[in-house]
Structure formats: C-alpha cells, structure tokens
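The values are calculated or read from the model by the stated rules, or taken from the named source; none is laboratory data. Quick caveat, the model's predicted, so the values are computed rather than measured. With ideal geometry, Cβ positions are generated from the backbone for all residues, glycine too; neighbour counts draw on all protein chains shown. We work out accessible area using only protein heavy atoms, side chains counted, and drop any ligands, DNA or RNA first. Shrake-Rupley method; radii C 1.70, N 1.55, O 1.52, S 1.80 Å.
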Amino acid sequence: QSVWGYDSDNGPERWHENYPMAKGEKQSPIEINSKDVQHDSSLAPWHASYDPGAAKSILNNGRTCRVVFDDTFDRSVLRGGPLTGAYRLRQLHLHWGSSDDHGSEHVIDGVKYAAELHMVHWNPKHGNFAGALKQPDGVAVVGIFLKVGKTPKPEMKRILEEIDNIKTKGKEAPFQHFDPSILFPKSRDYWTYHGSFTTPPCEECITWILLREPIEVSSDQMAKLRSLSKNGENEPVNPLVDNWRPPQPVKGRIVRASFK
Ligand SMILES: COc1ccc(N2C[C@H](O)c3cc(S(N)(=O)=O)sc3S2(=O)=O)cc1
Ligand SMILES: [Zn+2]
C-alpha cells in the first residue's frame, strides 16, 4: 500500500481510496472567481501576533518544506478576520510547481501562482491539535501566493537559505528567531471560505484566509525551492516539485471577500 503523494500512482486522484474525506463536500483548494465572491463588510481585519522565539526548526518531510513553531501555549497567535478567538501558529509550509507558471493550490480568476505558502493555526478551545481537527472551527490557514517578479521579497531569503541543509527527506535544521509575519504583503485584503486540508487526511476543519496580494520571489528563489528532493539521502534523486492539489468542487460554498 503506497503512502499518499503527488505521483501518478499515489496522487490526488487516488487519495480517496485511503482517505474518504477527499471526496467530501467542503474540500480545498478551490478556484476563486471574483464574479462569484461576496463582499462582506462585517468581516473584521485579521491580526497576527507572533513571537519570533517560537520558531523551532525547518524540515523536509519529502512532501514539502515546513517550519515548525512551539504551540504549547498562546505564544504566536492569529485573531480577527472571520475567526472567533486566538488560533495558535503550528507550522508553515509551501506548495510549488515544476516551473514558474504553476504551483499554487488555490487558483484566482484562472491565475496559477508559482507557489503558495500556508501558515497553519489551530483553535486551543478544542484542547489539542488532534481535537481541533475534528471541529469545523478547529484550524485556520493563512494562504499567501508567491509570484515570480523583478523585486523579490528579501524576507523569503531566510527560509531559502536553509534549503541547502534540508535537501533530502527527513533532514531537519534549527530555525530560530523568525517572525513569519514579515512574509505578509502590504495589503491585508483577503478571501475566506470553509474548506479542508489540501493533503490527506483532508479533514474539513479549515477556515481559509487567502491574501489577495501576492508576495514576489525571484525565479532563482523558485529554482532553490525546486532543488529539494522527495528522496532520502543515498536514494535516487526525485525532485520535490508539483506538490499541489488541483482545485476541488466548490459545491455551493460562498467565498467572502474583505474588500470590494
Ligand atoms: C491527523 O491529521 C493531520 C492533519 C494535518 C496534518 N498536517 C500535515 C498536513 O499535510 C497538512 C496540510 C495542510 S494544508 N496544505 O495547509 O491544508 S496543514 C497540515 S498539518 O500540518 O496540519 C497532520 C495530521
Ligand atoms: Zn498547504
């Protein structure tokens, strides 16, 4: 029984065989069409207050590059926007393509970005992360689109500088004194809708907060991300690229916008 992944034999079209939620009614990602979006003037602004000291390490798990944070207390939290209460930052990771013209999971008016960064938070009112997974308001993910451009955002450098230390699956390196809010674009405008993890087990416990303004990265920075490998050390090289799930059926869900 092959573990899930993004290849033809274990990719998104087959996840439902072991993870039935993958065929659920509220799956992510989705395609967002501005014409179907509803502006909601009651949507509050969102606020992140992150403690740089909460950053712990960066790792390659063979499916993405992930930075993990100490979430044992309300140390780095996200509040406001569509959320009630403070959600604890647990980890951030990325999805990217094999070339600059695709790689994001959510697609905006037909536009696929080169990559999509996810900041994963969970609601401590449900006791622990495992408990939060079972609740519709258990998890909140902030999604930031990465666009290839001429004036790359210097703040991405810190993550990309670590890539050389986590080239292969299972590699982990210390990653401290890092405040991920430096990655946010200028605008706080966002779309929000209710969905799921974009990977197995695909639980439908996520309030998605997708930032409208992409951040810029250089083509070289994207190449750096693509230099990661799915394979472990001393195994045949298998480039870690195209670790994105395609858009799923919207099934009548409403996507709200904080902006007109
Ligand atoms: C047992 O259930 C679990 C549920 C989730 C997880 N995680 C790993 C997942 O790959 C995953 C995918 C996320 S995404 N692309 O933002 O929708 S967030 C996230 S996770 O770090 O929470 C672990 C166990
Ligand atoms: Zn993700």
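Things worth noting here:
- Under the condition of being over 24 Å from residue 179 (Cα atoms), within 11 Å of ligand 1 (Cβ to nearest atom) and either of a type in the set (Ser, Thr, Tyr) or not in a helix (DSSP H, G or I) (or both), the residues counted in segment 106-156 number 3.
- Residue check, residue 5 part of a loop (DSSP other than H, G, I, E, B) and open to solvent by less than 60 Å² (accessible area, probe 1.4 Å): yes
- Any hit, segment 191-203, residues being farther than 22 Å from residue 161 by Cβ, of a type in the set (A, V, I, L, M, F, W, C) and open to solvent by less than 10 Å² (accessible area, probe 1.4 Å): yes
- Enumeration of residues in segment 124-144 that are out of contact with any Leu (no Cβ under 9 Å at 6 or more places or on another chain), in contact (Cβ under 8 Å) with a residue 12 or more places away in the chain and over 13 Å from residue 83 (Cα atoms): 129, 132, 133, 134, 135
- Taking segment 18-43 as the range and being assigned to a helix (DSSP H, G or I) and either touching a residue at least 24 places away in the same chain (Cβ under 8 Å) or surrounded by 12 or more Cβ atoms within 10 Å (Cβ to Cβ) (or both) as the test, the residues that pass are 21, 22, 23, 34, 36.
- Scan of segment 80-115 for residues that are aliphatic (A, V, I, L, M) and either open to solvent by 20 Å² or more (accessible area, probe 1.4 Å) or over 15 Å from the mean Cα position of the chain (by Cα) (or both), ordered by number: 83, 86, 108, 111
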